[in-house]
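What follows is a set of notes on a single structure, which appears directly below.
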Amino acid sequence: MQRGNPFIIKRLNKLNPQNIAITIITAKEQLIGRLNVINRATSSNDLVFAYARLKDTLEDLNNLNVLTFS
């Protein structure tokens with residue numbers, strides 16, 4: 001979904017958005033991955049791109065239902 005896969009988007013569009021969720025663990029893993037890319041950036045261009053992807057991920061997570069850990 002986050003990468004714009006048309007097959008996934010088509011399937012998700014058939015569902016009620018309230019029935020779509022990810023776990024908080026998945027959210028954490030995505031954020032850790034984004035931060036790792038930022039920390040490994042070797043050029044200013046890589047860093048700009050990495051921060052842009054972090055921003056995109058934060059916006060995506062903000063628009064998703066995130067299930068709590070229990």
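What order do Phe69, Phe7 take when sorted by accessible area (1.4 Å probe), most exposed first? Don't skip to the end; give the middle numbers.
Details: Phe69 155, Phe7 130 Å².
Descending order: Phe69, Phe7.
Rounded to a whole number, what % of the accessible area of the chain do carbon and sulfur atoms account for, probe 1.4 Å?
On the way: 3190 of 5760 Å².
Of the solvent-accessible surface of the chain, carbon and sulfur hold 55 percent.
May I ask you to derive the relative contact order of segment 3-70, considering only C-alpha pairs under 8 Å and at least 6 residues apart, and to give it as an integer percent? Spell out each step's value before the answer.
On the way: 37 pairs, mean separation 32.0, N = 68.
In percent, rounded to a whole number, it is 47.
Rounding to the nearest 10 and keeping the result within 0 to 90°, find how far the Cα-based axis of helix 44-62 lies from the longest principal axis of the chain.
20 degrees
How do Leu47, Leu58 stack up against each other in accessible area, from largest to smallest, with a 1.4 angstrom probe? Numbers along the way, then the final one.
Values: Leu47 65, Leu58 90 Å².
Result, largest first: Leu58, Leu47.
For labels at Ile32 and Asn62 in the simple 7 Å Cα→Cβ model, what's the distance in nm?
Label at Ile32, label at Asn62, 2.4 nm between them.
For the chain, what is the mean residue ellipticity at 222 nm derived from helices alone (per DSSP H run of n ≥ 4: -39500 (n - 2.57); sum divided by total residues; nearest 500 deg cm²/dmol)?
Values: 3 runs with 44 residues, N = 70.
Helix-only estimate at 222 nm: -20500 deg cm²/dmol.
Give the accessible surface of the chain per residue, rounded to a whole number of Å², with probe radius 1.4 Å and ligands, DNA and RNA excluded. Write out the running numbers ahead of the final one.
Working: 5760 Å² over 70 residues.
Value for the chain: 82 Å² per residue.
Can you spot the lysines whose alpha carbon is less than 25 Å from Lys28's alpha carbon? Ignore those fewer than 8 places along the same chain.
Output for Lys28: Lys55.
In terms of the Cα gyration tensor, with a ≥ b ≥ c the square roots of its eigenvalues, is the chain rounded because a/c is under 1.5, prolate because a/b exceeds b/c, or oblate? Don't jump to the answer; show the numbers that get you there.
On the way: a/c = 3.16, a/b = 1.66, b/c = 1.91.
Taking the square roots of the gyration eigenvalues as a ≥ b ≥ c, the chain is oblate.
What FRET efficiency comes out for Lys55 versus Ile20 if R0 is 22 angstrom and r is the Cβ-Cβ distance? Round to the nearest 0.05. List each step's numbers first, then the result.
Numbers: r = 21 Å, r/R0 = 0.98.
For R0 = 22 Å, the calculated efficiency reads 0.55.
Once ligands and nucleic acids are excluded and a 1.4 Å probe is used, how much of Arg34 is accessible, expressed in Å² to the nearest 10?
About 60 Å², ignoring ligands and nucleic acids.
For segment 10-70, give the magnitude of the charge dipole about the Cα centre (Cβ charges: +1 Lys/Arg, -1 Asp/Glu; no others), in debye to the nearest 20. List each step's numbers first, then the result.
Details: 8 positive and 5 negative charges, 42 e Å.
Dipole size: approximately 200 debye.
How charged is the neighbourhood of Asn36? Take every other residue with its Cβ under 14 Å from the Cβ of Asn36, and add Lys/Arg as +1 and Asp/Glu as -1. Could you put the intermediate results ahead of the total?
Working: positive: Lys28, Arg34, Arg40, Arg53; negative: Glu29, Asp46.
Spelling it out: positives minus negatives among the neighbours equals +2.
Which of Asn13, Leu35, Thr68 sits closest to the plus end of the dipole of the chain, meaning its Cα is farthest towards the positive end, when Lys and Arg get +1 and Asp and Glu get -1 on the C-beta?
Result: Asn13.
From largest accessible area down, sort Arg53, Arg40; use a 1.4 Å probe on the protein chains. Mind showing how you got there, number by number?
Details: Arg53 65, Arg40 155 Å².
The ranking, largest first, comes out as Arg40, Arg53.
The values are calculated or read from the model by the stated rules, or taken from the named source; none is laboratory data. Computed from a predicted model, the values in this text were never measured in an experiment. Glycine also receives a Cβ, built like all others from the backbone with ideal geometry; neighbour counts cover every protein chain displayed. For the accessible areas, the whole protein counts, side chains as well, though only heavy atoms, and no ligand, DNA or RNA atoms are used. Shrake-Rupley method; radii C 1.70, N 1.55, O 1.52, S 1.80 Å.
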